[in-house]
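The values are calculated or read from the model by the stated rules, or taken from the named source; none is laboratory data. Everything numeric in this text was worked out from a predicted model, so none of it was measured. Here the Cβ positions follow ideal geometry from the backbone for every residue, glycine too, while neighbour counts run over all protein chains shown. Ligands, DNA and RNA are excluded from the accessible area calculation, which covers all protein heavy atoms including side chains. Shrake-Rupley method; radii C 1.70, N 1.55, O 1.52, S 1.80 Å.
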Amino acid sequence: MLDFGVVDTFYQGFTSILVVLLWYYFLSGLFNWKNILKILVLAFFLGVLSVFVADFILLIMVLINFASQFIQKNLLDYDKSGILLLVVIIQVLIGNIAMFLGRMSVRGLYNVSNLMGVQYYTHELLIVYVIFVIAINYVVLFFYRRYSHKIASVSQKIKELNLSKSLFG
């Protein structure tokens, strides 16, 4: 594990949270120009909080989402909760892949023989990490748009058969 500085930790957390929120709002059908400011503000404040709690911030986001649903409606919206959980899980996986690719890239670019040597290049690693996160998410978005009709069909069948609660509960 590399020890990032405070600013680097903020940028890494901000990037992860921003991507999770963008995907969540997009898949929930809530993505519009009004919500972009809300997403940015939330990502900023949760990015600051991520400096103190690191990757635990994603669990905090999920718990806040659950709590707000219970407070507002006294029940859990399984569709939106399932979307958030899926997005968080996928982004954790993408983040790990991006960090691995970033470490390998930095090792290759700076001719570092071991992973401990990479700790001297944390700024560069963070830049490469952000680039890989964006690139991987772009590829996922490309395939999502390409197969969205099939995804919508499966989603509609889940709703018709009232399987949301049993699948995501």
Take the conditions at pLDDT below 85, under 15 Å from the mean Cα position of the chain (by Cα), more than 24 Å from L126 (Cα to Cα) and surrounded by 12 or more Cβ atoms within 10 Å (Cβ to Cβ) and apply them to S50. Does it pass?
no
Search result, residues across the stretch 141-169 that are over 30 Å from T15 (Cβ atoms), at pLDDT 70 or above and of a type in the set (S, T, Y)
S153
Restricting attention to the stretch 14-54, the residues that are more than 26 Å from S148 (Cβ to Cβ) and among the β-branched types (V, I, T) number exactly 4
Restricting attention to the stretch 44-51, does a residue exist that is part of a helix (DSSP H, G or I) and in contact with a Lys or Arg (Cβ under 9 Å, 6 or more places away or on another chain)?
no
Looking at this structure, is L109 open to solvent by less than 100 Å² (accessible area, probe 1.4 Å), touching a residue at least 12 places away in the same chain (Cβ under 8 Å) and at negative phi?
no
Taking the residues in the stretch 97-140 that are more than 21 Å from V7 (Cβ to Cβ) and not in a helix (DSSP H, G or I) as candidates, determine which candidate is modelled with the lowest pLDDT.
N114
If you check I83, I94, I64, which single one turns out to be in a helix (DSSP H, G or I) and open to solvent by 60 Å² or more (accessible area, probe 1.4 Å)?
I64
